[in-house]
Amino acid sequence: MLQLISILLFLIIPDDSPEVIELKNDKNFELEGYYVRDSYLLNDTERIVIASKITRETTEFEGLKLLYLIDNEIEFISQDAGESYIYKPTFYKFKDSTTIIACEQGFEYSIGIDLFELKSQKLKKLGYMDIASDTLDMAESIVPHMKIERKYGDQYHFKFSGNLFINPGGKAETKISGDLVKAIYTPETDKISLMIRKN
């Protein structure tokens, strides 16, 4: 019976691909207790903020975080990005207004992306992918080389092009062709699974 339902969903619900959208970066936005790096307006009431929490009255900050605000009230705060001094979001919008946010982490090189879903004014983290693009032997953002599809209504499939680093900068750093790698997020597991196909 479950298999029949899966087949019907496959036939009824078409695959859906988002478009990358550019959002206005409000550099003048301030948020008490935070050093604001970037602030992106989603609409008149919602915004995404990349910021570090001020830990003391000095200039010391925690790591960069992604915050989601409605009417300037914080609705979601991510874990901080550790020592990464890059935390750059890219916004993917589906036809039903669901938005995927891919936030690149990095230093002099990219170390991967955090992925978030914003749907019906609820933001949640989907997971982390330690993947970067292998560009002239340098780990750069995977975002320009990543395609997202929504399948069966609630799964996200991530496909890659070009050459990749898996675990860039780490002890187990691996170079691989992007067409051998696929990542899938499923609500049932509530995580992103990375699959590598053999040549």
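The values are calculated or read from the model by the stated rules, or taken from the named source; none is laboratory data. Computed from a prediction, not measured in an experiment: that's the story for all the values here. So basically every Cβ, Gly included, is an ideal-geometry build from the backbone, and we count neighbours across all protein chains shown. When the accessible area is computed, the model is the full protein with side chains, heavy atoms only, and any ligands, DNA or RNA have been set aside. Shrake-Rupley method; radii C 1.70, N 1.55, O 1.52, S 1.80 Å.
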Within the range 143-165, restricting to residues that are surrounded by 19 or more Cβ atoms within 10 Å (Cβ to Cβ) and either free of Cβ contacts under 8 Å to residues at least 12 places away in the same chain or under 16 Å from the mean Cα position of the chain (by Cα) (or both), the one that is nearest to Tyr92 (Cα to Cα) is Ile148
Among the residues of the range 103-142, the number that are outside any strand (DSSP E or B), farther than 16 Å from Ser177 by Cα and either under 17 Å from the mean Cα position of the chain (by Cα) or not small (Gly, Ala, Ser) (or both) is 4
Pairs returned, first residue in the range 91-108 that is closer than 20 Å to Gln155 by Cβ, second residue that is outside any strand (DSSP E or B) and of a type in the set (Phe, Trp, Tyr), beta-carbon separation under 9 angstrom, 6 or more apart or interchain, are Ile100/Phe94
Tyr128 passes all but one of the listed conditions (1) farther than 17 Å from Pro89 by Cα; (2) touching a strand residue (DSSP E or B) at 6+ places or on another chain (Cβ under 9 Å); the exception is number (1)
Filter the range 178-193 for residues that are of a type outside the set (D, E, K, R) and loosely packed, with under 15 Cβ neighbours inside 10 Å; the one that is farthest from the chain's Cα centre (by Cα) is Leu180
Considering the range 17-52, residues that are among the acidic types (Asp, Glu) and in a loop (DSSP other than H, G, I, E, B), and then whichever is surrounded by the fewest Cβ atoms within 10 Å (Cβ to Cβ), we arrive at Glu32
Residue pairs within 7 Å by beta carbon, gap of at least six or interchain, first lying in the range 49-73 and at pLDDT below 80, second surrounded by 16 or more Cβ atoms within 10 Å (Cβ to Cβ) and among the basic types (Lys, Arg), listed first then second, are Phe61/Lys53
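So which residues in the range 91-101 are surrounded by fewer than 14 Cβ atoms within 10 Å (Cβ to Cβ) and of a type in the set (D, E, K, R), if there are any at all? I'd like the intermediate steps shown before the answer.
Looking only at the range 91-101, we keep the residues that are surrounded by fewer than 14 Cβ atoms within 10 Å (Cβ to Cβ), and these are 95-97.
Answer for the range 91-101, where residues must be surrounded by fewer than 14 Cβ atoms within 10 Å (Cβ to Cβ) and of a type in the set (D, E, K, R): Lys95, Asp96.
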The residue that is nearest to Lys119 (Cα to Cα), considering only those in the range 53-90 that are in contact with a Ser or Thr (Cβ under 6 Å, 6 or more places away or on another chain) and open to solvent by less than 30 Å² (accessible area, probe 1.4 Å), is Ile70
In the range 166-177, anything touching a residue at least 40 places away in the same chain (Cβ under 8 Å) and surrounded by 16 or more Cβ atoms within 10 Å (Cβ to Cβ) is listed as Pro168, Gly169
From the option list Ser193, Ser133, Ser141, single residue qualifying as more than 28 Å from Phe76 (Cα to Cα) and polar (S, T, N, Q) is Ser133
Checked pairs for the range 21-36, first under 18 Å from Lys65 (Cβ atoms), second open to solvent by 100 Å² or more (accessible area, probe 1.4 Å), C-beta under 7 Å and 6 or more apart or across chains, list as Val36/Glu30
Selection from the range 89-102 of residues in a strand (DSSP E or B) and farther than 20 Å from Ile184 by Cβ yields Pro89, Phe91, Lys93
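Scan the range 119-142 for residues that are closer than 14 Å to Pro18 by Cβ and touching a residue at least 60 places away in the same chain (Cβ under 8 Å) and report the count. Can you show your working first?
Here is the first cut: in the range 119-142, the ones closer than 14 Å to Pro18 by Cβ are 119, 126.
With touching a residue at least 60 places away in the same chain (Cβ under 8 Å) added as a condition, the list becomes 126.
Going through the range 119-142 one residue at a time, the tally reaches 1.
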